[in-house]
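Peer 1: Here you go, one structure.
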């Protein structure tokens, strides 16, 4: 795809980094699925473009945009590292203008649907003769004309037949493979009927890549694609995408349709999606695997079919989030409505609520009559509503299995929820969890977010420890303390796989004995570590996060050898303890945020971090770092953010053969020199694929 689009990119790249010094707006216009966003993204991440601009910001507008949300997102990108106050839209426009003044900036405004957003946003962008550029993508020619203001726009045309076949071949076959001769003419026919639309080719290629490579099967797909392409209206792309959905295995169809609950252009957290799939009962048991592990295989299957995608910035060895193209999401919403699978009110969908699942993205989506909702099993609200409306909803939804109301602020725990005894999944915002929650004996997932982040210790009564069906417990914004000292009997929660965030003082040996199968744990150090916390008894624990307000010393914390991921926040790390971390035999991911390193020096010893693939260092108190390829022989992804004292990256990192990405944000100027030296060293060693990502924001020395 990138090779095919290279000619388009070269012309636009010249307009970005060459040409006139005045501010220039470059609209990219074309129909949905033709590759506008892909082209803009390739330009945005091009190394020569990155080095040319002082500031780069990406903003997605879409149809249901929020003016304040867009301005806030832009301002956050300009004011990186600074606390943001609640400002009016007019004030944010002023501050954006000031923040971009006399800087060479590149702004990408993706997916604009009408003229109105531009009338506001244009006021944010100063024209100082610095060579700044704005890229706008839109499907509408009249919007492109209005925004261009006399400058030329880039109109994207469909791929030619040969380009379409080349792209399809790339999607179906590995780089060293060639298409069998008996499939070539069929494949070319399929590619031609995709009408030169990269999205259609991408999705059909995903279908063929996962299916049998037989002439009979390809001919059937070619027939279906030909019939879909015969639609002479603009709906032909939808029909082609529908073919791919129809070929999905039965067990993947509900998982794909469920993607429609998420807002357009949003990042979809894999952990949340997996929990919802489990609670909904979509997953088939796989021998030797938990339901959550089966869900990860389902996600991979959808990604392999190009129905969902992994964002570029994600670490491929541990994908945390996914995204879905707007047109594929539209397919989810339409098919879900037709099959009475999910009700999500959209402009093109009429009618009443009879669905087993209801999702509200806007306040007007929650309407009457309530008597049509008696069969509803899942309700998810992405918008804040009054408690009076929600109380009526809960009364109507007596058979609910899934209730996600995290967007609704409620100081007191809603007592009506206790009546929903069929609940499997509960996510809400509140200030306290009552003991009566134990009456929800079928509950598998409990997610509670504090009204305001405080990390005050919240006492959880012993009853929650008796809920044997719980699989995941997550408290956001405050930590819990298990008050089990008066319990006579210990109930083992052998289904519990994740628990966060729990106060260290409440993580007693007695509690540890009740959670033998825990895989993920979050600890908040609410007091000094003056006693040993032995986590080695948790033999299945693979992910641990430790945080603190007080720069906790972790010397008395014993990690299990099973750990694969470790995240430390606001902790003090002494040399011996760092060595113990480095010698964990299975550690693949290490994230260090706002941590203090003893003497502000970190010298990695030979043989440490042998399995580490991902290292993130953010806001570390660090002046010196020494390491080489012997210490990180398998490192793939290195991220350094806001390490204001770090002057360079160890030169020995350049000898690591597995290195794929170095990402640096807010750095001292000399550190950039060491990055360039490492890049040259990697190229000399034959690694031309090393990707360097820079924020272009430097810190003053």
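Just so you know, all these numbers are worked out from the coordinates, no wet-lab data involved. Computed from a predicted model, the values in this text were never measured in an experiment. Methodologically, a virtual Cβ is constructed for each residue, glycine included, from the backbone with ideal geometry; neighbour enumeration extends over all protein chains shown.
Peer 1: Once you have the Cα-Cα distance between residue 216 and residue 145, take 0.36 nm times their residue separation minus that, and quote the gain in nm to one decimal.
Peer 2: On the way: separation 71, 0.36 × 71 = 25.56 nm, distance 4.76 nm.
Result: 20.8 nm gained on full extension.
Peer 1: List the extent of the Cα atoms of the stretch 250-331 along each of their three principal axes, largest first, rounded to whole Å.
Peer 2: Result, largest extent first: 34, 27, 21 Å.
Peer 1: Would you mind calculating the relative contact order of the stretch 523-675 from Cα pairs under 8 angstrom and at least 6 residues apart, reporting the percent as a whole number? Spell out each step's value before the answer.
Peer 2: Numbers: 377 pairs, mean separation 23.5, N = 153.
Over the stretch 523-675, the number comes to 15 percent.
Peer 1: Sort the following peptides by mean Cβ neighbour count (other Cβ atoms within 10 Å, averaged over residues), highest first: 552-562, 328-338.
Peer 2: On the way: 552-562: 18.2, 328-338: 20.1.
Packing order, densest peptide first, comes out as 328-338, 552-562.
Peer 1: Could I ask something else about it? Just how far, in whole angstrom, is the stretch 97-137 from the stretch 610-633 if you go by their alpha carbon centroids?
Peer 2: Centre-to-centre distance over Cα atoms comes out at 38 Å.
Peer 1: What's the whole-number percent of alpha carbon pairs in the stretch 564-701 lying beyond 27 angstrom?
Peer 2: Working: 1180 of 9453 pairs.
Above the 27 Å cut-off, the stretch 564-701 has 12 percent of its Cα pairs.
Peer 1: If you don't mind, there's one more thing I want to ask. Could you tell me which label, among (i) 25.4, 81; (ii) 26.7, 85; (iii) 26.8, 79, carries the value of Rg and Dmax of the Cα atoms in Å calculated for this structure?
Peer 2: So the structure-derived entry is (iii).
Peer 1: Here is a follow-up. Mind jotting down the distance between the C-alpha centroids of the stretch 183-228 and the stretch 231-308, whole Å?
Peer 2: 21 Å
Peer 1: Normalising by the residue count of the stretch 6-155, find the relative contact order in percent from Cα pairs under 8 Å and 6+ residues apart. Provide the component values of the computation, followed by the final result.
Peer 2: Details: 236 pairs, mean separation 60.5, N = 150.
Rounded, it is 40 percent for the stretch 6-155.
Peer 1: I'd like the projected area of the stretch 146-203, averaged over all directions, using the convex hull of its alpha carbons. Report it in nm² with one decimal. Kindly include the intermediate steps, with their values, before the conclusion.
Peer 2: Values: hull surface 21.5 nm².
Average projection, Cα convex hull of the stretch 146-203: 5.4 nm².
Peer 1: At R0 = 35 Å, how high is the FRET efficiency between residue 509 and residue 626 if r is their beta carbon distance? Nearest 0.05 is fine. Provide the component values of the computation, followed by the final result.
Peer 2: On the way: r = 38 Å, r/R0 = 1.10.
Efficiency at R0 = 35 Å is approximately 0.35.
Peer 1: I'd like the per residue volume of the convex hull spanned by the Cα atoms of the stretch 118-237, given in cubic angstrom.
Peer 2: Details: hull volume 18.9 nm³, N = 120.
It comes to 158 Å³ per residue, whole-number rounded.
Peer 1: Then there's this: Listing 146, 14, 65 from the residue with the fewest other Cβ atoms within 10 Å to the one with the most, what is the order? The partial results should precede the final answer.
Peer 2: Working: 146 16, 14 10, 65 19.
Starting with the residue having the fewest Cβ neighbours, the order is 14, 146, 65.
Peer 1: Also, quick follow-up: With each run of n ≥ 4 DSSP H residues scored as -39500 (n - 2.57), what mean residue ellipticity at 222 nm is computed for the chain after dividing by its residue count and rounding to the nearest 500 deg cm²/dmol?
Peer 2: Counting only the DSSP helices, I get -9000 deg cm²/dmol.
Peer 1: Based on other C-beta atoms within 10 Å, arrange 508, 376, 137 from fewest to most. Intermediate results must be reported in sequence, preceding the final value.
Peer 2: Values: 508 14, 376 23, 137 26.
Ranked by crowding around the Cβ, least crowded first: 508, 376, 137.
Peer 1: Among 92, 10, what is the fewest-to-most ranking by other Cβ atoms within 10 Å?
Peer 2: Fewest to most other Cβ atoms nearby, the residues stand as 10, 92.
Peer 1: Largest first and to the nearest Å, give the Cα extent of the stretch 181-301 along each principal axis.
Peer 2: 43, 33, 18
Peer 1: Another question, then. Considering Cα pairs under 8 angstrom that are at least six residues apart, work out the relative contact order of the chain and quote it in whole percent. Don't skip to the answer; put the middle values down first.
Peer 2: On the way: 1392 pairs, mean separation 43.1, N = 701.
Relative contact order for the chain comes out at 6 percent.
Peer 1: For the stretch 58-151, just list the percent of Cα-Cα distances falling in each 10 Å bin from zero outward, please.
Peer 2: It works out to 15, 50, 31, 4, in whole percents.
Peer 1: Once the piece of chain linking residue 166 and residue 231 is laid out straight, how much longer is it, given 0.36 nm per residue of separation minus the C-alpha distance between them?
Peer 2: Details: separation 65, 0.36 × 65 = 23.40 nm, distance 2.42 nm.
Value of the extension gain: 21.0 nm.
Peer 1: Just to be sure I understand the model, the point goes 7 Å from the Cα along the line to the Cβ. What's the resulting residue 421 to residue 10 distance in nm?
Peer 2: 7.2 nm
Peer 1: Once the piece of chain linking residue 86 and residue 676 is laid out straight, how much longer is it, given 0.36 nm per residue of separation minus the C-alpha distance between them? Spell out each step's value before the answer.
Peer 2: Details: separation 590, 0.36 × 590 = 212.40 nm, distance 3.91 nm.
Between residue 86 and residue 676, full extension yields an extra 208.5 nm.
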